[in-house]
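Here's the structure, in structure tokens; my notes come after.
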Amino acid sequence: MTTNARKFRILLSLLMPFAVVTSTKTTFHETTFPNFVLILTDDLDLTLGGTASLPKTKRLLTNEGLNLSNWFVHTPVCCPSRAELLTGRMFHNLKTPNASAGCMYIDVSSDLNNTFYSNYYFAQHFKKIGYTVGMFGKHLNLYNPENPPRGIDRWMVNGGGNYHNPQFVWASADVQPSAVHFNNCTDKNGNKEPCYSTSIIGNASLDWIQDHIESGVSPEPFFAFISVKAPHIQDGPGYPIATPAPWYVNATVGTNAPRTLNYNASCPDHHWLVRQQGPITFLEGQKIDELYASRQRALLSVDDLVEEVVSTLDRLDILNDTYIVFTSDNGFRLGQFRMPQGKWHVYENDIRVPFLIRGPNLRRGSVREDVLGTHVDLMPTLLGLAKSNATIPSTMDGEDLSQMLQLHDDKSRKKSSVLIEYIGLGDVIRYGHLEDTYNNTFRALRVIDETQPAGRRNVKY
């Protein structure tokens, strides 16, 4: 089905200013089940200036909530990291037997009877405690079912797709699935322009939230999972980059990728894949800078989305009853160790990601270095925030960190290490550099422990 997406354009594409402030309308009561909005970006780094184009996000989430500065991914690549987030399970408990295909070695299929969807999937656990759940945007890279998994009430997903004129599978719990193609968008003057994925995903999810809240006197609490493509590259030959919205193509942003100490660094004492890298050429350096600028411009629409989420929740008088989480499925690289772009490795730029959360009973404007976690801990933690003394499903490997988040004692560190796992996907070449291969397989322990002797407090094994 071809869809005229003009009605979804609301304000995200019109660049109209908002005056969003912290809501004072509603006081959260502990007997109330909170709502959740989880905003997941794709390949957004923390250590290389990736968040520079997100000033609204900083104002509305960082300044109004918690910044978990020691948050990592368990596996630094798209499908495994997303699968781990969606299930609360570690990679070794999700991978295919004998490292066979799957979705980047995740044992999943589009059959809803597959254990991934029937036993592990997060939504059924929220459904059991009374939530209505909507999933919007990029789900897994492969094996996304047409019908919603158990516990999902609204389903509009793809595997990432295109920035322009995206296609999705659309369904709800009681409506048969259909293919929707957004390809008939216009600008504010009525001129035709490409439909842009971040706006489509954002506005469809906000539309669903509004309809749900306005549907009854006491609507069920909701969980909106909003997953955008930005700032992932638009895959293609040559030197692929991210694609910004048409109205941000010429936006002023930083145009030079950070030249960190490990940028274009020769490291003969590192493992083979790093050791064999040739120098980044002048042309490749230029292309890295073009990629960096395109990522910054693509993120401007994500910043608009965050602002509109907060504005909508405030207007509906539910902002103070809602947890908003902002993070990424993995980090990124821009020339570090002579690899022009990508992830796939154990270094900080690959595994450390932004993690912001605002909501009831959380201290405003607090940086929590003491909370150490990975995406495996995310769903157990949100279940803990949803219901005090919640029983975390036995299928989940992650820890419930909700009580730590609500404590005001920043010295209450619960754990001091996290596990990182990865199996090489095969030969992956970016900008002429071999950046992944089959023997790029590892398990690593990331340790952040202030009780250890000097020199062993912040290490990776």
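Take A257 and tell me if it is touching a residue at least 40 places away in the same chain (Cβ under 8 Å), in a loop (DSSP other than H, G, I, E, B) and open to solvent by less than 20 Å² (accessible area, probe 1.4 Å).
Yes.
Residue by residue through the range 276-289, note down the ones that are open to solvent by less than 40 Å² (accessible area, probe 1.4 Å) and part of a loop (DSSP other than H, G, I, E, B).
Q277, G278, I280
Name the single residue that is farthest from the chain's Cα centre (by Cα) among those in the range 313-336 being surrounded by fewer than 23 Cβ atoms within 10 Å (Cβ to Cβ) and either polar (S, T, N, Q) or more than 30 Å from Y131 (Cβ to Cβ) (or both).
Among those residues, the one meeting the criterion is N320.
Can you name the number of the only condition in (1) assigned to a helix (DSSP H, G or I); (2) modelled with pLDDT under 95; (3) exposed (fewer than 13 other Cβ atoms within 10 Å of the Cβ) that L273 fails?
For L273, the exception is condition (3).
Search the range 100-124 for residues being in contact (Cβ under 8 Å) with a residue 12 or more places away in the chain, not in a loop (DSSP other than H, G, I, E, B) and not small (G, A, S), and hand back the single one that is most open to solvent (accessible area, probe 1.4 Å).
Among them, the one singled out is N119.
What are the residues in the range 70-99 that are of a type in the set (V, I, T) and assigned to a helix (DSSP H, G or I), if any?
Scanning the range 70-99 gives a single hit, T87.
Here is a check on your reading of the model: is A245 open to solvent by less than 50 Å² (accessible area, probe 1.4 Å) and farther than 14 Å from P340 by Cβ?
Judged against the criteria, A245 is a match.
Hand me the list of strands (runs of 3 or more DSSP E) wholly inside the range 362-461 holding 1 or more residues that are open to solvent by 30 Å² or more (accessible area, probe 1.4 Å) and more than 30 Å from P221 (Cα to Cα).
Per the criteria, 417-422, 428-430, 433-436, 442-448, 458-460.
Of K138, K95, K127, which residue is free of Cβ contacts under 8 Å to residues at least 60 places away in the same chain and among the basic types (K, R)?
The match here is K127.
Can you find even one residue in the range 57-69 that is open to solvent by 50 Å² or more (accessible area, probe 1.4 Å) and either touching a helix residue (DSSP H, G or I) at 6+ places or on another chain (Cβ under 8 Å) or assigned to a strand (DSSP E or B) (or both)?
Looking for residues that are open to solvent by 50 Å² or more (accessible area, probe 1.4 Å) and either touching a helix residue (DSSP H, G or I) at 6+ places or on another chain (Cβ under 8 Å) or assigned to a strand (DSSP E or B) (or both), one finds none in the range 57-69, hence no.
Looking at I318, I324, which is the one that is among the aliphatic types (A, V, I, L, M) and closer than 22 Å to L68 by Cα?
Going through I318, I324 in turn, just one is among the aliphatic types (A, V, I, L, M) and closer than 22 Å to L68 by Cα: I324.
Write out, first by first residue and then by second, each pair whose Cβ atoms fall under 9 Å of each other, whose residues are 6+ apart or on separate chains, and whose first residue, in the range 206-224, is within 15 Å of F136 (Cα to Cα) and open to solvent by 40 Å² or more (accessible area, probe 1.4 Å) while the second is modelled with pLDDT of 95 or more and in a helix (DSSP H, G or I).
If the second residue must be modelled with pLDDT of 95 or more and in a helix (DSSP H, G or I), the pairs left are Q210/T312; Q210/R315.
When only residues in the range 70-99 that are over 12 Å from the mean Cα position of the chain (by Cα) and among the β-branched types (V, I, T) count, which is surrounded by the most Cβ atoms within 10 Å (Cβ to Cβ)?
T75
Could you please find all residues in the range 136-169 being open to solvent by 10 Å² or more (accessible area, probe 1.4 Å), in a strand (DSSP E or B), of a type outside the set (D, E, K, R) and closer than 22 Å to Y120 by Cα?
Of everything in the range 136-169, those that are open to solvent by 10 Å² or more (accessible area, probe 1.4 Å), in a strand (DSSP E or B), of a type outside the set (D, E, K, R) and closer than 22 Å to Y120 by Cα turn out to be N158, V169.
When you go through (1) open to solvent by less than 30 Å² (accessible area, probe 1.4 Å); (2) without any contact (Cβ under 8 Å) to a residue 60 or more places away in the chain one by one for T186, which number turns out not to apply?
Of the numbered conditions (1) open to solvent by less than 30 Å² (accessible area, probe 1.4 Å); (2) without any contact (Cβ under 8 Å) to a residue 60 or more places away in the chain, the odd one out for T186 is (2).
State all residues of the range 345-357 that are open to solvent by 10 Å² or more (accessible area, probe 1.4 Å), among the hydrophobic types (A, V, I, L, M, F, W, C) and part of a loop (DSSP other than H, G, I, E, B); if no residue qualifies, say none.
V346
Can you name the condition, by its number, that D174 falls short on among (1) at positive phi; (2) over 25 Å from the mean Cα position of the chain (by Cα)?
D174 satisfies every listed condition except (1).
The values are calculated or read from the model by the stated rules, or taken from the named source; none is laboratory data. Nothing here was measured: the structure is a model prediction, and the numbers come from that model. Don't worry about glycine lacking a Cβ; one is built from the backbone with ideal geometry, like all the others, and counts go over all protein chains shown. In case anyone asks, the SASA skips ligands and DNA or RNA and just uses the protein heavy atoms, side chains included. Shrake-Rupley method; radii C 1.70, N 1.55, O 1.52, S 1.80 Å.
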